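Data block below; observations after.
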Amino acid sequence: MSAPRFYLDQALAPGARFSLPPGPARHAARALRLAENDAVTLFNGRGGEYAARIERIRKDDVAVVVTGFADIERESRLHLMLAQGISSGERMDYTLQKAVELGVAAIQPIAARRSVVKLAGERADKRTAHWQGVVASACEQCGRNRVPEVAAPLTLADWLARTTSRGQNAEADSPGQRSMRLLFLSPLAEMRLPDLPAPAAMDCLVAGPEGGFEADETAALHAAGAVPVRLGPRVLRTETAALAALAAMQTLWGDF
């Protein structure tokens, strides 16, 4: 069995000694019931992973020593971004968790017209921080050593305006940003994913919330040059659609 993995947002180096933060410490001591001298793996999202050993456990105080570094990456060969219409309850958590397992490199929550959850101000900040925690936990589970960023929620119009502006200001962007291909899921589309060429750089998959996008939102996607694609003859739920599409994209062009 592989060593339990813990994400720590701090500098790590072989030989370092410190106590795990409260969250990872409680998980190590109470949930996993780890003991002194047990091996663990640490990563900070900046690349690679660190072997470590538990030196002391006293209730929720877990002290570790870092014993080595391995320059290991498990990122997808595809550069994928998910722009996901915000869904309610555990649906959004589930979508983001599995999207990370399927290799997305960045996540943009979309406050769509039909999104049941309405976020603004401090509530939006707290929910974004919660989603970032979900993403970090998913990286712990699936072995990724780079943690995708969850951006602050935006309306579809605001996000498309920023995306279009980046595309027009090509000199200020990276090559991946300049050639980002927008795809959006629509049960009315004629094109399927296998009909598309392999991506040259980043693919951004846009998925709607419960009930899909409103007509004006769909029109805005068309105006921005987004390509509508469908996933067979059945209408999929919001927590299923993006994940099915990401899995298909990995099968067609990625590392599946």
Quiz item: Among 79, 27, 130, which one shows the biggest mean-square fluctuation in a GNM of the chain, springs joining Cα atoms closer than 10 Å?
Solution: 27
Exercise. Using the charge dipole of the chain (Lys, Arg: +1 at Cβ; Asp, Glu: -1 at Cβ; taken about the Cα centre), state which of 164, 254, 89 has its Cα farthest towards the positive end.
Key: 89
Quiz item: How far, in nm, would the chain grow between residue 18 and residue 120 when pulled straight, counting 0.36 nm per residue and subtracting the alpha carbon separation?
Solution: 33.0 nm
Quiz item: Taking R0 as 22 Å, what's the FRET efficiency between residue 33 and residue 3 from their Cβ-Cβ distance, rounded to 0.05?
Solution: 0.95
Quiz item: Computed FRET efficiency, Cβ-Cβ of residue 11 and residue 201, R0 25 Å: what is it to the nearest 0.05?
Solution: 0.20
Practice problem: Could you rank the peptides 80-88, 198-206 by their average count of other C-beta atoms within 10 Å per residue, with the highest value first? | Solution: 80-88, 198-206
Quiz item: With each pseudo-label sitting 7 Å past Cα toward Cβ, what's the residue 161-residue 90 distance in nm, one decimal?
Solution: 3.8
Practice problem: Give me the lysines in straight-line cross-link reach of residue 98: C-alpha distance below 22 Å, same-chain residues under 8 apart excluded. | Solution: 126
Practice problem: Calculate the spin-label point distance for residue 69 paired with residue 142, positioning each point 7 Å from the Cα along the beta-carbon direction, and give it in nanometres. | Solution: 2.6
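We did not get these values from a lab; they are worked out from the coordinates using the rules stated. Being a predicted model, the structure only gives us computed values, none of them experimental. Cβ sites come from the backbone with ideal geometry, for glycine too, and all protein chains shown count toward neighbours.
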